[in-house]
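**Student:** Next up is a structure, given as structure tokens.
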């Protein structure tokens, strides 16, 4: 019972390192559907839940096979949205240089997990994998100060979505996404320092 009392039921982190007080929700025109690999649920330092709390119209689903989920079926069968998957590749549209159409509301699927997890999700969900990919040019480095990234230009889910919004909805102030992310990183680093914990891999 004491463990449950010490857990924040919004961010699912211990209350001593909860970041919910720093969240400033925004509502972009784009709806982001976050496909979180089931192994990420156990990682309290992930940013999928943080992103869901920060974007009022976002959707977070945790699994590895998503195409049987009712909301995903509805989206895949609908012709009322322009749908994209945020994932690099040879056929990906680079949104730094190519504007996306605005004739319909936009939905962007974002895969939350390691690169191996993300590739597995696309293999297991061929309908999602067939959706047009979008990506952005590598530039700024991740501010994940304690989690090892596979490459210097790899960003967390919330950083990636912030970057997409900067490119596709420049009039929207999305800095609140980075604000809560940086706050979470700081309290995690401070907690690790005080408790002499190693960096998280």
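The values are calculated or read from the model by the stated rules, or taken from the named source; none is laboratory data. Keep in mind that this is a model prediction, so the values were computed, not measured. Heads up, the Cβs are rebuilt from the backbone with ideal geometry, glycines too, and the neighbour counts pull from every protein chain shown.
**Student:** Which of the residues spanning segment 82-101 are part of a loop (DSSP other than H, G, I, E, B) and surrounded by fewer than 16 Cβ atoms within 10 Å (Cβ to Cβ)?
**Tutor:** Once the filter is applied, which keeps residues that are part of a loop (DSSP other than H, G, I, E, B) and surrounded by fewer than 16 Cβ atoms within 10 Å (Cβ to Cβ), segment 82-101 yields 88, 89, 90, 91, 96, 97, 98, 99, 101.
**Student:** In segment 8-32, which residues are out of contact with any helix residue (DSSP H, G or I) (no Cβ under 7 Å at 6 or more places or on another chain) and farther than 20 Å from residue 189 by Cβ?
**Tutor:** The answer is 9, 27, 29, 31.
**Student:** Report yes if some residue within segment 1-16 is closer than 19 Å to residue 133 by Cα and either in contact (Cβ under 8 Å) with a residue 24 or more places away in the chain or out of contact with any strand residue (DSSP E or B) (no Cβ under 8 Å at 6 or more places or on another chain) (or both); otherwise report no.
**Tutor:** No, every residue in segment 1-16 fails to be closer than 19 Å to residue 133 by Cα and either in contact (Cβ under 8 Å) with a residue 24 or more places away in the chain or out of contact with any strand residue (DSSP E or B) (no Cβ under 8 Å at 6 or more places or on another chain) (or both).
**Student:** Same structure, new question: Taking segment 44-61 as the search range and keeping residues that are in a loop (DSSP other than H, G, I, E, B) and touching a residue at least 40 places away in the same chain (Cβ under 8 Å), which one is nearest to residue 101 (Cα to Cα)?
**Tutor:** Checking each candidate, the answer is 47.
**Student:** A further question on this structure: Inspect all residues belonging to segment 174-193 and state whether any of them is modelled with pLDDT of 95 or more, under 21 Å from residue 61 (Cβ atoms) and touching a strand residue (DSSP E or B) at 6+ places or on another chain (Cβ under 6 Å).
**Tutor:** No, segment 174-193 has no match at all.
**Student:** Which numbered condition trips up residue 131, out of (1) surrounded by 16 or more Cβ atoms within 10 Å (Cβ to Cβ); (2) under 16 Å from the mean Cα position of the chain (by Cα); (3) at pLDDT 95 or above?
**Tutor:** For residue 131, the exception is condition (2).
**Student:** A further question follows. Could you list, in sequence order, all residues of segment 107-135 that are more than 26 Å from residue 43 (Cα to Cα), outside any strand (DSSP E or B) and in contact with a strand residue (DSSP E or B) (Cβ under 7 Å, 6 or more places away or on another chain)?
**Tutor:** If the condition is that a residue be more than 26 Å from residue 43 (Cα to Cα), outside any strand (DSSP E or B) and in contact with a strand residue (DSSP E or B) (Cβ under 7 Å, 6 or more places away or on another chain), then 131, 132 are the ones that fit.
**Student:** If you scan segment 102-118, which residues turn out to be surrounded by fewer than 16 Cβ atoms within 10 Å (Cβ to Cβ), under 21 Å from residue 66 (Cβ atoms) and at pLDDT 95 or above?
**Tutor:** 105
**Student:** Would you mind finding the one in 148, 196 that is at pLDDT below 95, exposed (fewer than 12 other Cβ atoms within 10 Å of the Cβ) and at positive phi?
**Tutor:** 196
**Student:** Another one. If you scan segment 158-192, which residues turn out to be closer than 19 Å to residue 34 by Cβ and not in a helix (DSSP H, G or I)?
**Tutor:** Within segment 158-192, 169, 172, 174 qualify.
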